[in-house]
Amino acid sequence: MIDLRSDTVTRPTEAMLKAMMAAPTGDDVYAEDPTVNLLQSELAERFGHEAGLFCPSGTMANQIAINVHVAPGDEVICHRLSHIYNYEGGGIARNSGASVRLVDAAEGAVPAEVIRAEVNPEDSHFARTSLVCVEDTVNKGGGAVQSLKTLSEGSEASRALGLPFHLDGARAWNALRKTGEDWTRYGRLFDSVSLCLSKGLGTPAGSVLLGSKDFISEAHRTRKVMGGGMRQVGILAAAGLHAIEHHFDRLQEDHDRAARIGDLLAEHPAIDHVARVDTNIVIAQLKNGRPAAELVDAQHSAGILCSAFGPDKVRWVTHLDFGDEALGRVLQALHSWH
Ligand SMILES: *Cc1c(COP(=O)(O)O)cnc(C)c1O
């Protein structure tokens, strides 16, 4: 099967496995795993932050960040499309006792004027707004890359209001590969950043949370409370270091292959609309309310896995284990479906 359900389905390469086997390790709960420490400090430095924390998953990295930034009863400003709201099991309420103020701006962005309009006044009638979260790329927005101008203005507006500005950067790698933006300049827009190593970069697991020394020291405590302290996890950190060096540039290939699929679908008679393909995600809407399952089943019969993404939308995600031969088969199968 060609699996395009997500970029999380990749298997570690031979070279990655070798790097993992060679990694020096120690007990990371005591902060004594040299490979974890190297990954944390290297990413912190490259993204212009003081410190980093290795986490088992992107969900945990986001949830830890939210937990450190907010108090029970507070409110978090985030987009209606955001992963932290849609796909983290209601964790904002469950883990941190906070509520959300959902915003609806175009393409998953949270622009400065929206932040200024949605922040609650300092008045005991209202929940205290204490965090702004943004996502880049926007998963539910078809992998859309946020404009640097919108992010910079959002950052400025948040900080002027005394609100920390958190980035769910599960796929920030794809955004940075696409824009060529300087990692440090980009990272400094945010007070905390979560980065996934197991999406486009292709490691078996792991995310890194970045922030100030004080923030990361609180995050370390919260990770322990959530049960996310691991031991000789340098084997995973080594996969991350390997992937940052060897799998970042090649993200362009994933973007190019996604664009080929998007181009074909945009011309397809049974497709109403394809969300702009910025990076490695393609989301297409079927015409006349035809159910997504029709296309998902047709792809399945052709040996291709993709996902229903709403009643009449289908999603494909390109990745490290998806090459040109497989692309040819996908294009052929879509071409012959009616
Ligand atoms: C995948 C993803 C995450 C984290 O997911 P995990 O499966 O917990 O690693 C967070 N945010 C976005 C936008 C994602 O796509």
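The values are calculated or read from the model by the stated rules, or taken from the named source; none is laboratory data. Everything numeric in this text was worked out from a predicted model, so none of it was measured. We place every Cβ from the backbone using ideal geometry, glycine too, and count neighbours over all the protein chains shown. SASA here: full protein model, heavy atoms, side chains in, ligands and nucleic acids out. Shrake-Rupley method; radii C 1.70, N 1.55, O 1.52, S 1.80 Å.
The table below gives the values:
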quantity: Residue among Thr184, Thr129 that alone is polar (S, T, N, Q) and touching a strand residue (DSSP E or B) at 6+ places or on another chain (Cβ under 9 Å); calculated: Thr129
quantity: Only listed residue being within 16 Å of the ligand (Cβ to nearest atom) and either out of contact with any strand residue (DSSP E or B) (no Cβ under 7 Å at 6 or more places or on another chain) or part of a helix (DSSP H, G or I) (or both), chosen from Gly229, Gly200; calculated: Gly200
quantity: Single condition Gly206 does not satisfy, out of (1) over 27 Å from Val138 (Cβ atoms); (2) touching a residue at least 60 places away in the same chain (Cβ under 8 Å); calculated: (1)
quantity: Test: residue in segment 1-20 that is in contact with a Leu (Cβ under 9 Å, 6 or more places away or on another chain), within 16 Å of the ligand (Cβ to nearest atom) and open to solvent by 50 Å² or more (accessible area, probe 1.4 Å); calculated: yes
quantity: Qualifying residue in segment 167-179 (condition: more than 16 Å from the ligand (Cβ to nearest atom), without any contact (Cβ under 8 Å) to a residue 12 or more places away in the chain and surrounded by fewer than 20 Cβ atoms within 10 Å (Cβ to Cβ)); calculated: no
quantity: Boolean, Ile77 is open to solvent by less than 50 Å² (accessible area, probe 1.4 Å), farther than 29 Å from Glu253 by Cβ and part of a helix (DSSP H, G or I); calculated: no
quantity: Out of Arg159, Arg101, Arg116, sole residue that is part of a strand (DSSP E or B), farther than 15 Å from Asn62 by Cβ and either within 15 Å of the ligand (Cβ to nearest atom) or not hydroxyl-bearing (Ser, Thr, Tyr) (or both); calculated: Arg101
quantity: Some residue of segment 210-224 being within 15 Å of the ligand (Cβ to nearest atom) and closer than 21 Å to Asp254 by Cβ; calculated: no
